[in-house]
Amino acid sequence: KFGIANNSKHRIKRQNRNSVYEVRQYQVYTFPDVSSCKAAERECKKELETGIVLRRDMPDGYSETTWTYNLQRVVTIYKRNGGTLVWQNKTH
């Protein structure tokens with residue numbers, strides 16, 4: 001799951017309330033501006049197979065889901081669009 005949030009912890013809590021899956025943060029990136037962030041999300045949706053989780057199982061955010069093997073590609077796209085890693089879950 002990739003996506004845009006002003007408050008990523010709050011967003012995950014909301015998604016977990018309405019999902020059959022448990023969403024956990026892996027990394028958080030910051031972008032120089034909103035347009036760069038939105039460009040990164042658009043590029044992920046264009047370059048990667050997305051929507052692999054059914055809408056009924058994750059109504060909020062299903063379209064920003066992709067296969068785990070795409071994780072490094074998401075990171076590459078984020079960095080290419082000016083994203084800077086600001087937090088990483090050390091338990092993964």
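The values are calculated or read from the model by the stated rules, or taken from the named source; none is laboratory data. Just so you know, these numbers come straight off a predicted model, no measurement behind them. Ideal geometry is used to build each Cβ from the backbone, glycine not excepted, and the neighbour counts take in all protein chains shown. The protein model used for the area step is the full one, side chains on, heavy atoms only, and it has no ligands, DNA or RNA in it. Shrake-Rupley method; radii C 1.70, N 1.55, O 1.52, S 1.80 Å.
Points to keep in mind about this one:
Conditions (1) of a type outside the set (A, V, I, L, M); (2) at pLDDT 95 or above, marked per residue:
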residue	(1), (2)
Phe2	yes, yes
Ser8	yes, no
Val23	no, no
Ser36	yes, yes
Tyr78	yes, yes
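- In the range 49-72, the residue that is farthest from Phe2 (Cα to Cα) out of those that are assigned to a loop (DSSP other than H, G, I, E, B) and open to solvent by 60 Å² or more (accessible area, probe 1.4 Å) is Arg56.
- Here is the figure for the range 17-38: residues that are open to solvent by 50 Å² or more (accessible area, probe 1.4 Å) and either part of a loop (DSSP other than H, G, I, E, B) or closer than 24 Å to Arg56 by Cβ (or both) total 9.
- Put simply, of Lys46, Lys90 the only residue that is free of Cβ contacts under 8 Å to residues at least 12 places away in the same chain, outside any helix (DSSP H, G or I) and either open to solvent by 60 Å² or more (accessible area, probe 1.4 Å) or on the phi < 0 side of the Ramachandran plot (or both) is Lys90.
- Per-region count, the range 23-45, residues of a type outside the set (Ser, Thr, Tyr) and within 17 Å of Leu71 (Cβ to Cβ): 10
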